[in-house]
Amino acid sequence: MKLNHIIKNIVNLTSVVFVLTTSCNSYDNKANSETVKSVDYTSKVYPQLDTENSRWFFFSSASRPFGMVNLSPDNQIGGAWGSGYRYKTDTIKGFSHIHAWQMSGVSVMPVTISDTNQKSVYTDFYSKFSHETEKIKPGYHSVKLDRYQIISELTSTKRVGFHQYTFPKNKEKAVLFNLNTMLGPCENIDGKLNLNNKNELSGSVVMKPTHRRPKPLTVYFKVILNSDIIGIKKDDETENYLVNLKGDKEEILMKVGISYTSIENAKNNIEQELPHWDFNQVVEESKTEWNDLLGRIEVAGGTEKDQRRFYTDLWHALQGRRIINDANGAYPDNTTNEFKIGQLPLDENGIPKFNHFNSDSFWGAQWTLNTLWGLVYPEIMEDFAHSLMQYYKDGGIIPRGPSGGNYTYVMTGASSTPFLVTAIQKGIIKEDLEGVYKALKKNHMLGGIMGRSGYEHNTNLGGGLKYYINQNYVPYPIPEGEFGGHQDGASLTMEYAYQDWTLAQLAKKINHQEDYEYFMNRSKNYQNVYDKESGWMRPKDVDGKWLHPFDPYKVKVGFIESNATQSTWFVPHDLIGLAKLMGGEVAAVTKLNHQFVNAEKLNFTSGNSHAQELHPEYRRIPVNYGNQPSIQTAFVFHQLNRPDLTQYWSRRVVNKAFSGLSPASGYNGDEDQGLMGSLSVLMKIGLFQMNGGTEENPEYQIGSPIFNKITIHLNPDYYKGDKFVIKAENNNTNNVFVKKAMFNEQGITKMAIKHTDIVNGGELNLEMTNQPNK
């Protein structure tokens, strides 16, 4: 039975019935139940990290892991970037329930009514607040609205937002539903709210299409209050709805269940997940669920700040990508010309066998989610793998970033291929490998997703795949013109070559020898955009002429969100081959080491936000850990037989780029729904997978862990071992090098360990020193 269908950590006997009816599709951790009893990992999480640079889906508070509901305050509501919860903005504009990739909706605001604001409340309802009276932790947010003196507390189940408002005495109470508004990445229109009975409402909101999500999506919702409704009025100008409440209760409780299929399913989501009115119980259950997952990795040593940042990183790795199916398995299918309501397969208890997801791209997941989820959270990886295949069954294509049940063609390539291949190689996906291979192969051929270079909804010319197949590289510029968002031929060539290599590994596994040789041959195409004269990857046009003039430090000229110095190392499947082009391993190591020396002057990032990458003082950086294209480079040294330099530079990167704990910084640019959080976790525990874990019995490269002891509790539904322990003896900020490594009392010479060794359980002992061991 899947782990997320097993109920653990039941706090008391009286909650047994409730838990058994509401925990479907939660990610519980029976492997770590004893640990959770003694440690509150949620208290170590700092949700405000990097919120000065927030974007719509970045911040989370009153949410469950991957919850359909992601309830939190909004103080900026326009645009996908710079919106949502922004730490330096002192005004709250509402509490909305959906903060997802290209999706938003159902914004509410508790207010008090007076003679002076009776008419203006529809348009003038914002309120100042103070961080001094604010409390935030995973699964809970409390803030005082200064204008109304209302204490607003928020929590949630997977699909139901739960509000608790404490109003001042002798004030007229109301809740404003701001259903027709610009909200984050999209405009909310056609908002409707209906009174069903004295304490129930229902409604719907349409999310208008965006440049990235090309079709509209309706969110349906059901509202239940513990107070009688004494009036509901729609304002003709703003189309906002004001719901007046009976004044006999100081505390108002409100449940808001959402669904992307129907009001009936929104109501059913409430009935399944929140049949009672105990607000504190839901807060505690949310805390338990988060602790179950966060406690899957225990760390000892380092500073208190190190540990707090670590669990904040891990928390980010477990959110952002949102469930879109109802508790009964219904989900929105927007993959074809007509909108349909799909149905996930159910188990014998009527619970969906997996969840369906809204997700930003898996671009960069090969160095982040692939490794972390595949090792520590295999049940999550399995859910996502089945969801990707469900999109294929519905619409004929495995997506790389679906939104609203629809394809968005976000970013480039076939980034889901490494994700699914590593799930197979790690034994997480075992069935229908032929079907998975067929679906993946389709994406790598003409007409598949690889031919689209970002948000190409009606064509597939921008990705230059036909040139890649026929001429063995993608030209820059694309001769046909501009179609997609990232028509950068050199980067596309390198990305396709790596993804072809990963697909070849699956072809080999299931004995498709001809296909294996075909895709292995294509995986060498990266060589065709390497210019030996300049020593960098370099764009070339359709006639084979190198881009001239050529500046390897110029950003976004033939390279996706990067420059040639950063992207030249994007050959994770054949770094030895790349080194040969450069004149040998010593020459390659010298070159990359020089890049790191220069990059450290700018703390290894292009500023502290994605918006700064094009600024003159940052754009010429040779290694950028603020964006995905070069986040593997510290471990390139490992593959070139210099693990000591990997140990040295990975520690330096962690110290400069991923150690802060403030609203001002954190991920230095682009935390795409767990990617950078996962990267930071992996670098801090000293495990990495250069090729995304896509070869047979995948290898983990050993880096330099910042903690003295790391215990990974393995999921017994997937892996034989109980736990995998890393001990770093004599570890401190100076002793960053590994002098000697032992696994289960056997010496390690390659500074790497196989997947089967880790998941069978055991202990990796590292003797740390301040002297490099070359």
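Every number in this text was worked out from the coordinates using simple rules, so none of it is lab data. Please read these numbers as outputs of a predicted model, since none were measured by experiment. Neighbour counts are summed over all protein chains in view; Cβ atoms, including those assigned to glycine, are modelled from backbone coordinates with ideal geometry.
Extension gain Lys554-Asp248, at 0.36 nm per residue separation less the Cα-Cα distance, in nm?
On the way: separation 306, 0.36 × 306 = 110.16 nm, distance 6.54 nm.
Gain on extension, Lys554 to Asp248, equals 103.6 nm.
By counting other Cβ atoms within 10 Å of each Cβ, how are Thr605, Thr335, Thr769 ranked from fewest to most? Working shown, then result.
Details: Thr605 25, Thr335 22, Thr769 17.
Taking fewest neighbouring Cβ atoms as first place, the list is Thr769, Thr335, Thr605.
Decide, for segment 41-295, between rounded, prolate and oblate: order the square roots of the alpha carbon gyration tensor eigenvalues as a ≥ b ≥ c, take rounded if a/c falls under 1.5, and otherwise choose prolate if a/b is larger than b/c, else oblate.
Numbers: a/c = 1.22, a/b = 1.14, b/c = 1.07.
Cα axes put segment 41-295 in the rounded bin.
With a/c under 1.5 counting as rounded, go ahead and sort segment 197-297 into rounded, prolate or oblate using the C-alpha gyration tensor (a ≥ b ≥ c being the square roots of the eigenvalues; past the cut-off, prolate if a/b is larger than b/c, else oblate).
Values: a/c = 2.17, a/b = 1.12, b/c = 1.94.
It is oblate, given that a/c is not under 1.5 and a/b is not larger than b/c.
Under the Karplus relation 6.51 cos²θ - 1.76 cosθ + 1.60, θ = phi - 60°, what is the ordered set of whole-Hz ³J(HN,Hα) values for segment 632-638, x standing for Gly and Pro?
Coupling constants for segment 632-638: 9, 5, 4, 8, 4, 4, 4 Hz.
Give me the percent relative contact order of segment 41-295, please, defined on Cα pairs under 8 angstrom at least 6 residues apart. Don't jump to the answer; show the numbers that get you there.
On the way: 669 pairs, mean separation 49.4, N = 255.
In percent, rounded to a whole number, it is 19.
Under 17 Å from the Cα of Lys305, which aspartates and glutamates turn up, not counting those fewer than eight places away in the same chain?
Asp40, Asp50, Asp313
Please arrange Ile753, Ile113 by how many other C-beta atoms lie within 10 Å of their C-beta, fewest to most. Write down the numbers at each step before the final one.
Values: Ile753 20, Ile113 17.
Ordered by Cβ neighbours within 10 Å, fewest first: Ile113, Ile753.
Calculate, for Met182 and Glu745, the FRET efficiency according to 1/(1 + (r/R0)^6) with r their C-beta to C-beta distance and R0 51 Å; round to the nearest 0.05.
Numbers: r = 62 Å, r/R0 = 1.21.
That pair, Met182 with Glu745, gives E of 0.25.
Kindly state, to the nearest 0.05, the FRET efficiency for Glu348 paired with Glu431, given R0 = 25 Å and r defined as their beta-carbon distance. Working shown, then result.
Working: r = 18 Å, r/R0 = 0.71.
Computed FRET efficiency for Glu348 and Glu431: 0.90.
With r as the distance between the Cβ atoms of Met445 and Glu696 and R0 = 22 Å, compute the FRET efficiency 1/(1 + (r/R0)^6) and round to 0.05.
Details: r = 24 Å, r/R0 = 1.09.
E between Glu696 and Met445, to the nearest 0.05, is 0.40.
Out of all DSSP beta bridges in the chain, what portion is antiparallel? Express it as a percent rounded to 5. Don't jump to the answer; show the numbers that get you there.
Numbers: 110 of 118 bridges.
Counting DSSP beta bridges with both partners in the chain, the antiparallel share is about 95 percent.
Considering all alpha-carbon pairs of segment 107-164, what whole percent are spaced by more than 14 angstrom?
On the way: 988 of 1653 pairs.
For segment 107-164, the share of Cα pairs beyond 14 Å comes to 60 percent.
Which of the three applies to segment 494-632, rounded, prolate or oblate, going by the alpha-carbon gyration tensor with a ≥ b ≥ c and a/c under 1.5 meaning rounded? Don't skip to the answer; put the middle values down first.
Working: a/c = 1.85, a/b = 1.68, b/c = 1.10.
It comes out prolate by the Cα gyration axes.
Taking Cα pairs under 8 Å and at least six residues apart, what relative contact order does the chain come out at, in percent?
Numbers: 1900 pairs, mean separation 88.2, N = 774.
Reported as a whole number, the value is 11 percent.
In what sequence do Met445, Met389 fall when counting other Cβ within 10 Å, fewest first? Before the final figure, lay out each step's value.
On the way: Met445 11, Met389 20.
In increasing order of surrounding Cβ atoms, one gets Met445, Met389.
Any chance you could give the angle, 0 to 90 degrees and rounded to 10, that helix 513-522 forms with the longest Cα principal axis of the chain?
Helix 513-522 sits roughly 90 degrees off the main axis of the chain.
Hey, what do the phi angles of segment 369-383 turn into as Karplus ³J(HN,Hα) couplings, whole Hz, using 6.51/-1.76/1.60 and θ = phi - 60°, x for Gly and Pro?
After applying 6.51 cos²θ - 1.76 cosθ + 1.60, I find 4, 3, 6, 5, 5, x, 8, 9, 10, x, 5, 6, 4, 5, 4 Hz.
Near Lys720, which lysines are there with a Cα under 17 Å away, not counting those fewer than 8 places off in the same chain?
Lys2, Lys30, Lys426, Lys430, Lys754
By how many degrees, between 0 and 90 and to the nearest 10, does the Cα long axis of helix 416-425 differ from the longest principal axis of the chain?
Its long axis makes an angle of about 80 degrees.
I want to check the label-to-label distance for Asn598 and Asp40. Put each point 7 Å from Cα in the C-beta direction and report it in nm to one decimal.
Result: 4.9 nm between the two label points.
Residue by residue through segment 153-161, what is 3J(HN,Hα) from phi via Karplus (6.51 cos²θ - 1.76 cosθ + 1.60, θ = phi - 60°)? Round to whole Hz and write x for glycine and proline.
For segment 153-161, the Karplus curve yields 10, 10, 8, 6, 9, 5, 10, 9, x Hz.
Hey, what number do you get for the chain at 222 nm if only DSSP H runs of n ≥ 4 count, each worth -39500 (n - 2.57), divided across all residues, to the nearest 500?
Working: 19 runs with 200 residues, N = 774.
The per-residue figure over the chain is -7500 deg cm²/dmol.
Given H placed on each backbone N at 1.01 Å, which residues far from Ser665 in sequence or on other chains put an amide H within less than 5 Å of it?
Asp50
What do you get for the angle between helix 304-316 and the principal long axis of the chain? Use alpha-carbon atoms, 0 to 90 degrees, nearest ten.
That works out to roughly 80 degrees.
Identify all aspartates and glutamates with a Cα-Cα distance to Lys508 below 16 Å; exclude those on the same chain that are fewer than 8 residues away in sequence.
Straight-line reach from Lys508, under 16 Å: Asp432, Glu434, Asp500, Glu517, Glu695, Glu696.
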